[in-house]
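Inspection log for the structure reproduced underneath, given as structure tokens.
The values are calculated or read from the model by the stated rules, or taken from the named source; none is laboratory data. Computed from a predicted model, the values in this text were never measured in an experiment. Cβ: placed from backbone, ideal geometry, glycine included. Neighbour counts: every protein chain shown.
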Amino acid sequence: MKNLLRILLVFLVSSINALGCGWYPYGEEIRFSMMNPEVFDDGGMSPYYFVAWQYGDEYEATAKNDPNVELWKKYCDGKVDAKAIFQAVYSLTESAVLNENPKNNLLVYLRKNNPDAIQYLAFAKSCSGYNEVDSYWYRYEYKLERSKKMLEALKRSRGSKDEELIRRYRFLAIRLAYYNNDYPKVKAIYEKSFTSDWKDALDYWALYFKTMSDDFSAQKNFELAQIFVHAPGKRFGALGGFEQSIPIEEVLRSAKTNAERANVYVMYSVRDKGRSLSTLKKVNELDPTNPLMNFLVVREVNKLEDWVLTPRYTEFPPTVDLRGSFYETKVFNLMEERTSDDKKYASELANWLATAKQGTNSGVMKLAEAYLHGVGGNPSKSLSILNGKTVFTEDASKLVAQFKVLFKVQVNAAAALSSAEKEVLMASTVDKYNYFLFAVSREYEFQKKMDIAAALFSHVNDDLVSYEDEISWRSKTKKETLGMDYYYSWFLYLDAEYAPDEVQKVIDFAQMHYDENSEFERWQRVFLIDDFDRLHDLLGTKYIRQNKIDEAIIAFEKVKVILWENDPYKTYLDANPFHADFYSEHQASEYDTVQYTKLEIASLYRDYLKKAENPNTKNRAYYYFLVANCQLNMSQYGNSWMMRRYFWSSYASASNLDDDDDYFRVKRAKVFYEKAMEVSKDAEIKALCLRMVGRCEHHQLNFDAPNGWDFDYDRYGGYSTYMSGKNQSFKQLKTKYPDLADELLSNCWSFQRYFTKLQEKSS
């Protein structure tokens, strides 16, 4: 699972997932989709669903989707259930089939009404081990055994008077000959046993092995197209044997009916990842009842979800875009331009669906039509269609309910939700529920309903969500947290994206008076209430980033002490933030004799700053120095970085948060060291402060230093020489205090003497 592959770089709050080292969401992990094709398909087309990879899930035969089950059911005059047939044909052993006292209903029926069919089933099972390509070591032995089985199958067919069993024995012979690489024999048996008047699965199975024995040709493509539509178990092989380079016009010449022509169009488009409306129109015109018509419609919807909704909701580019990568072009707003064009295509497809000939399940087309209007930017029209008189299947009705809620919120996020709509939001067992809930959260956010959005976000990717349904998204304003530009945790998203006043609204929403008897109201707030202290911590942290210390203290005062007493706070706030020397960063020092909470740090900071700014304070330089130390320690390079962040890594990159200049470039720390220098009249203390200003400038230069592969530091004498040459503060130190500069720049032990003098002047 994704979360298990992630590696913690720091110990984060318990509700936050781990971060993956080197992992980045892509493909199916970010492709947005609510219209799950599984709702409209029995699994027979699962490998060809629209996905970011080459194929979808592997086809798996079931009692519901296997046409062989229907053949046996017909053979038994409909008197045996599908599950019993599936078990007997695919699960029971040869000896179990021959058991004289079977428990399986199919075997019981056959023993009573047609014992010859029992013998056929037993023989078919004895052949099953030969239905595969031989390994090198067993090739000769298997070839002989397979030949014997093939001859026995033909002999049995000649001895039977049951036409259905005769065809089945002949099919077994064809299959055995095929795996023996005896293609002439395959064709000879087929020509004597089957006709081109294909009616059922057995006909198409036999045709499959005959066709796969042929060379590439337009006729072969035509036959594989018919097999693909009518024989689910042979689709993968049929597609593998299909030659896409043969012009479709040549293949169509072999078709005798419109239904056969439609099947050819289906075959050419089934894996097309581009726009396929022209093909949909052809298939619909030729054969509106084509078994795969609805599949093609849903697949086209899934494409548009990726092209339009993946960017809209996740801020990632579409996972499948045949027009080229967004990362390989410098065209401004390319993704927005393409999305706008794709929305027009969604509307065009929706309008066509309204006029298309209706097939076997008109509800699928009507649902697609409604959804596509919303995808295309007209949610009001979607709601009009969804609230119409169309009768949907039970499974599709779940999607209808989701679409109604989504588009209602998109039209007007201020509109009150009905009881039924609230139930839909809480219905965690509905297919693609996590994606639906995420989309609704985003729609509230787009309309600045940040409190409701956050409440819903808190349920996205919760513990009930399976790995396959987890979703990652990015910030529209390009903010980053955890050192990455994507999110999978609501708390981390709020940390990066929400302004302090918006976090306050979330807190107010969580604690506002509400009907405690309302399941929805409780559900909506449950995670916000659980993380109430953490939300106040987040609010205070955001104010720290904005250097609004009074507001931060007010927020921190509302945090229960127990939060500070546990990890990660007790681990990552275990140092003295008011001490810093020339080189100290995260390592422990002799000054770390006490541990402060965020509230205590902010309060002390305010007290020291007041003293520093008070003209009547003795030795203001000392207090400015302490304030500067705290600012330095609250940065990427200090021992109390957790005052500003919930994540730390040795790899520093801009996060686009409010305080990047203070956190990465330590500009505010530099300002306070400069103020300490200004108010001091002692040369040694001034030199000490200037040395610390130089340290801040070093961090700033290091963060902003060119890191491109083509930048040649050797031209400047190497990286260290380049950096020292850029540091104006160190140059100034050497110029103004030449007698002190060498000691301050090269002797790390010198700090204590200078700092002790600074302390003594304040006592």
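Here is a yes/no grid of residues against (1) modelled with pLDDT under 95; (2) over 23 Å from S650 (Cα atoms):
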position: S441; (1), (2): no, yes
position: N461; (1), (2): yes, yes
position: K476; (1), (2): yes, yes
position: Y487; (1), (2): yes, no
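Filtering the stretch 525-560 to residues that are over 23 Å from L456 (Cα atoms) and either hydroxyl-bearing (S, T, Y) or not assigned by TED's automatic domain parsing to the domain that holds Q631 (or both) leaves only Y543.
Taking (1) surrounded by fewer than 19 Cβ atoms within 10 Å (Cβ to Cβ); (2) assigned to a loop (DSSP other than H, G, I, E, B) in turn, M34 satisfies each apart from (1). In this structure, L280 qualifies as in a helix (DSSP H, G or I) and within 40 Å of the chain's Cα centre (by Cα).
Among the residues making up the stretch 211-232, those that are of a type outside the set (S, T, N, Q), surrounded by fewer than 19 Cβ atoms within 10 Å (Cβ to Cβ) and touching a helix residue (DSSP H, G or I) at 6+ places or on another chain (Cβ under 9 Å) are D214, F216, A218. Restricting D661, D682 to those that are in the same structural domain as K618 (by TED's automatic domain parsing), surrounded by fewer than 21 Cβ atoms within 10 Å (Cβ to Cβ), within 35 Å of the chain's Cα centre (by Cα) and closer than 28 Å to Q732 by Cα reduces the list to D661.
Tell me, yes or no, whether the stretch 235-256 has at least one residue that is in a helix (DSSP H, G or I), touching a helix residue (DSSP H, G or I) at 6+ places or on another chain (Cβ under 8 Å) and among the polar types (S, T, N, Q). Scanning the stretch 235-256 turns up no residue that is in a helix (DSSP H, G or I), touching a helix residue (DSSP H, G or I) at 6+ places or on another chain (Cβ under 8 Å) and among the polar types (S, T, N, Q). Of the residues in the stretch 585-596, not one is part of a helix (DSSP H, G or I) and surrounded by 14 or more Cβ atoms within 10 Å (Cβ to Cβ).
Out of E141, E145, E132, E164, one residue alone is closer than 30 Å to K83 by Cα and modelled with pLDDT under 95. It is E132.
Just checking, which of A580, A621, A654 is buried (at least 24 other Cβ atoms within 10 Å of the Cβ), at negative phi and modelled with pLDDT under 95?
Details: A621 fails: modelled with pLDDT under 95; A654 fails: buried (at least 24 other Cβ atoms within 10 Å of the Cβ).
Selected residue: A580, the only one of A580, A621, A654 that is buried (at least 24 other Cβ atoms within 10 Å of the Cβ), at negative phi and modelled with pLDDT under 95.
Going through Y169, Y190, Y208 one at a time, which residue ends up being over 47 Å from the mean Cα position of the chain (by Cα), crowded, with 20+ Cβ neighbours inside 10 Å and under 28 Å from E250 (Cβ atoms)? I'd like the intermediate steps shown before the answer.
Details: Y169 fails: under 28 Å from E250 (Cβ atoms); Y208 fails: over 47 Å from the mean Cα position of the chain (by Cα).
After applying the criteria, what remains is Y190.
Kindly check whether there is at least one residue in the stretch 376-387 that is in a helix (DSSP H, G or I) and closer than 12 Å to V301 by Cβ. No, the stretch 376-387 contains no residue that is in a helix (DSSP H, G or I) and closer than 12 Å to V301 by Cβ. For the stretch 93-212, the helices (runs of 4 or more DSSP H) that sit wholly inside it and include 2 or more residues that are farther than 19 Å from L224 by Cα are 94-98, 105-113, 115-127, 139-159, 163-179, 183-193. Within the stretch 385-426, the residues that satisfy the criterion of being surrounded by 21 or more Cβ atoms within 10 Å (Cβ to Cβ) and either of a type in the set (F, W, Y) or touching a Cys at 6+ places or on another chain (Cβ under 6 Å) (or both) are F403, F407.
Given L406, L437, L464, L482, which one is touching a Ser or Thr at 6+ places or on another chain (Cβ under 7 Å) and among the hydrophobic types (A, V, I, L, M, F, W, C)?
L464
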